[in-house]
Amino acid sequence: MQLEVIGIGGAGCRIADAIHTAESTAQPFLCDTFAFDTDTLSLEALESIPDEHRHRYGAEIENGLNGNLQRGETIGEEHVDELSRQLDEGTPSAADAFLVAVGLGGATGGGAAPALVANLQTLYDVPVYVLATLPADRERLPDGDPSVPSDDTRPTGADADGATRPMAAQNAVRTLSRLDGLANAIFCFDTEPWLRTGEDLVDGRDRLNREIATHMGAFFSSTAQTADGAPNAESVVDANDVARILGDETALVSLGYGAQQVDTDDSGPLFGLDLGIGPFSSSDDVETSAAVSAVETAVGKAIQGKLTLECDRTAVDRALLIVGGPPAWLNQTAVADGRRRLESVTESTETLGGDAPRPGGDEVFALAVVAGIEPVARIEALREAGAPRASGER
Ligand SMILES: Nc1nc2c(ncn2[C@@H]2O[C@H](COP(=O)(O)OP(=O)(O)OP(=O)(O)O)[C@@H](O)[C@H]2O)c(=O)[nH]1
């Protein structure tokens with residue numbers, strides 16, 4: 001499937017940019033990538049999104065929004081037609097789905113995302129998914145907390161731009177609830193557990209954004225059509241499968257990813273075969289036991305390792321497993337076993353599986369998608385953290 005990615009606000013734009021940067025030319029899955037922000041400098045700092053797909057809006061904002069989500073919502077609603085029109089710079093009608101990336105906790109992206117998602121739903125007849133990062137705890141830590149580096153001269157709990165975000169939890173909860181019923185599904189990335197000890201967003205955000213891009217790229221590139229001449233998947237995951245697993249009732253979605261390095265012969269075509277798709281190993285060349293072991297290891301990491309949002313793996317509505325890598329290493333029995341393993345761990349009512357051949361690759365990877373994961377302890381904690389102020393404000 002082909003994806004139209006739109007980043008909104010600082011985090012959303014950087015994440016969209018990271019996805020665009022990481023997209024492999026061998027496995028393209030992006031229709032277009034757009035970045036919408038009120039902050040010109042932030043837009044200019046992006047790495048790879050084409051200039052004509054970066055759009056600054058809200059010239060009336062003079063000194064930022066200071067976490068004022070209601071103002072962000074008003075500005076988002078006022079500019080939503082302008083933002084949607086920007087998409088005509090690309091080919092949005094060719095997309096099988098939209099992905100709106102946003103950092104929950106801020107006022108710009110969180111304010112505009114619900115209006116944008118609602119507008120896309122009326123303009124296009126394809127699913128609109130959201131990719132949302134949850135705010136980190138250390139954006140609002142009390143003074144003297146040991147996880148704030150002692151040489152940090154910024155205010156305690158400051159984010160990557162040096163701003164504190166005392167409203168982060170409250171804003172995140174409110175934006176999540178506004179997206180409910182608008183987005184088909186929400187991919188969640190929980191920032192806090194992905195930050196290293198003593199690391200804050202200043203140091204960590206580019207690494208986190210690459211992690212997000214790896215997970216999302218592994219998923220959506222596996223659903224893209226293979227290039228001419230490249231081997232087809234034994235079991236293709238297409239846009240319909242994605243829609244079935246993600247659903248259309250704003251399910252929360254978490255991803256698990258694991259990769260295992262494998263030995264491939266890069267010295268050239270084997271057995272006189274050259275399909276014009278780069279170096280690859282023939283299945284005769286790879287020990288079955290080695291291939292099975294590589295698939296099992298990658299699948300184990302994806303299912304039992306760290307998820308983008310930790311949840312009760314045994315209480316998942318729907319699940320999908322994709323195993324990819326050099327064709328010779330994709331042992332189909334092991335791939336099918338992996339899908340059954342995910343099914344038995346999650347006890348989900350529906351579990352799909354597929355494979356993604358990557359000629360020339362040097363690792364076997366597995367991506368587990370779990371959808372319908374609520375209740376999630378982390379979201380409940382955010383709701384609690386945001387609740388007292390929320391009731392006072394509204
Ligand atoms: N993963 C990740 N999170 C980020 C990044 N930048 C900021 N965040 C977090 O995302 C949330 C929203 O921040 P921004 O996207 O900068 O905020 P904004 O939408 O531009 O809105 P305002 O700055 O409030 O006007 C906060 O919780 C930030 O700490 C980033 O590059 N990656």
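The values are calculated or read from the model by the stated rules, or taken from the named source; none is laboratory data. None of the values given here were measured: they were computed from a predicted structure. All Cβ positions, even for glycine, are placed from backbone atoms using ideal geometry, and neighbour counts span all protein chains on display.
Things to note:
- Looking across segment 313-338, the residues that are part of a helix (DSSP H, G or I) and surrounded by fewer than 20 Cβ atoms within 10 Å (Cβ to Cβ) come down to 332, 333, 336, 337.
- Test: residue in segment 190-199 that is of a type outside the set (Gly, Ala, Ser), in the same structural domain as residue 135 (by TED's automatic domain parsing), over 20 Å from the mean Cα position of the chain (by Cα) and within 13 Å of the ligand (Cβ to nearest atom): yes
- Filter result for residue 38 (within 13 Å of the ligand (Cβ to nearest atom) and β-branched (Val, Ile, Thr)): yes
- From the options 3, 30, 83, residue that is surrounded by 23 or more Cβ atoms within 10 Å (Cβ to Cβ) and away from the ligand (no atom under 12 Å from the Cβ): 3
- Looking only at segment 41-65, residues that are surrounded by fewer than 13 Cβ atoms within 10 Å (Cβ to Cβ) and on the phi > 0 side of the Ramachandran plot come to 0 in all.
- Among the residues of this structure, residue 54 counts as one that is within 26 Å of residue 218 (Cα to Cα), of a type in the set (Lys, Arg) and more than 12 Å from the ligand (Cβ to nearest atom).
- Pairs where the first residue, in segment 2-23, is closer than 14 Å to residue 208 by Cα and in contact (Cβ under 8 Å) with a residue 12 or more places away in the chain and the second is more than 13 Å from the ligand (Cβ to nearest atom) and in a helix (DSSP H, G or I), C-beta under 6 Å, 6+ apart: 22/217
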